Amino acid sequence: MTDERHICIITSSSISEDGIGGEGKYSILLYNWLKSRNIKSTLLGSKSIKIKTFDPAYKYKKIISGKNRSKKKISLAPYPLFMTYRLVISLFLSVKIFQLHFNSPISLIHSQDTGYTGLAAIVVGKILRVPVIVSSHGIRHRTIHHSLRSRLKGIIFRIERNLDTFTVKNANEVIVDNDAIKNYFEKIVKKRIKSIPIPIRLDEFEYSLSNRTTIRSDLGCDESTKIIGFIGRFAPEKNLISLLTVFSKLLQNSFQAKLVLVGTGPLESEMKNYVSKMNMADNVIFCGVRNDINKILSSFDIFILPSFTEGMSVALLEAMATGCAIICSKIPTNAEIISDRKEGILIDPHNLIEMEKVIRELIEDDLLRSELKCNAEKKAIQFDINVVFPKVILSYDKLIGRPLH
């Protein structure tokens, strides 16, 4: 009888090819990479209750529970209610993992979240005596704390921090995507944590003049128009209201450019209202969620990421690979990727005067933009999936006890 390995990947994100979340993209990339190497794997996403299963002994097919939705709804429910919902989903995930295991024994569970999906992985792993890897794509409880607007903010933060600490302590191995997160959790849990960066498919993110021309035509921008672009979730931690404030000031000084915002999120209405209030509708373009990010990036002259907090940003890596000039916040995770004025320019996300100055400088300095683009493309090579994922496989091999072949 063939000794077959079975990897179960679980994520708090929905399994959607057109999603913009870094965790969801990572999960799909890892799943497809394992599939391409004939490694039996199951991908379970909690938000939309979808499962994709791959078994090399059978034809690949998708198994979906629930209905496909073309638009994502943003929940504005009180956070304690959301916590309860996540606990219910965690229970659902646990049941699903049990079912998968009894149908085809699982060799290892890899959770992409230190929170509620991580909790499901730890509990089920202990019962089934299956090793568990927990990946952290950011310091979850810090992001939650930054986003909350509630009188219970302090209590909720402590609960979520304790949950993250529990899963990190009890996992057989913890993988984080940058040294800043590694150092943070190592101080808390007093155990060694592995740092492996987020990967991208380098071959899908190459600059294309054809894509640039097509997308710019769709956006109503000619080649002479400079485009500043953002891709991500419209959430408080992304600092987008500050970006709009700075862009408004630039336009008041006869600044010729367009701001293209790709994504959606809880601040979308507030952002659109601000654009309307400041009479910027002709210069700010909301693109919604797109599944052609690789094409859109070619249309950008500058990619900007002014976040207060980030894990390792997939959008940032994709922008680097496509050859965008980068402006991003000077926070530890970004600074691990971008050397100031080499692959991009680092700014203080709280300093709007500096943000305005740097945007104007990059728009006006063609040579500087060209130098930053070239250096960013070179740096992006080390984040290709075929460089990064073999490091993850080594962790699988160690915990399972033999190579995944």
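Assorted remarks:
- Per-q log10 I(q)/I(0), the chain, q = 0.06, 0.08, 0.14, 0.15 Å⁻¹ (Debye; single scatterer per alpha-carbon; no solvent): -0.24, -0.43, -1.30, -1.45
- Top of R37, R290, R151 by mean-square fluctuation, Gaussian network on the chain, Cα under 10 Å: R151
- The residue among I139, I28, I89 whose Cα reaches farthest toward the positive pole of the charge dipole of the chain, with charges on the beta-carbon of Lys, Arg, Asp and Glu, is I89.
- For the chain, calculated [θ]222 nm from helices alone, where every DSSP H run of n ≥ 4 adds -39500 (n - 2.57): -15000 deg cm²/dmol
- Cβ-Cβ FRET estimate between L81 and D292, R0 fixed at 25 Å, reported to 0.05: 0.10
- Residue-span extension gain [H350 to F98] - 0.36 nm each, minus C-alpha spacing: 86.1 nm
- C-alpha long axis of helix 179-189 to longest principal axis of the chain, angle in °: 40
- When each of the peptides 172-181, 339-348 is scored by how many other beta carbons lie within 10 Å of its residues on average, the order from highest to lowest is 172-181, 339-348.
- Peptides 308-319, 272-283, 351-362, ordered by how many other C-beta atoms sit within 10 Å of their residues on average, highest first, read 308-319, 351-362, 272-283.
- Gained length - E4 relative to K277, 0.36 nm times residue gap less alpha-carbon distance: 92.2 nm
- Projecting the alpha carbon convex hull of region 202-383 along each direction and taking the average yields 9.2 nm².
- GNM top mover of L267, L81, L43 - the chain, alpha-carbon springs below 10 Å: L81
- Computed label-point distance, nm, for sites N386 and E206 using a 7 Å Cα→Cβ extension: 1.2
- Most mobile of S27, S147, S13 in a GNM of the chain (Cα contacts under 10 Å): S147
- Since only I175, V387, S107 are under comparison, the one whose Cα sits farthest along the positive direction of the charge dipole of the chain, derived from C-beta charges on Lys, Arg, Asp and Glu, is S107.
- Modelled label positions at N38 and K169, each set 7 Å beyond Cα in the direction of Cβ, lie 4.4 nm from each other.
- Each label point was placed 7 Å from the Cα along the Cα-to-Cβ direction; for L128 and D340 their separation is 4.8 nm.
Quick note: the coordinates plus some simple rules give every number you see, no bench work behind them. What you are looking at is a predicted structure, and each value in this text was computed from that prediction instead of being measured. Quick reminder, even Gly has a Cβ in these numbers, built from the backbone with ideal geometry, and neighbours come from all protein chains shown.
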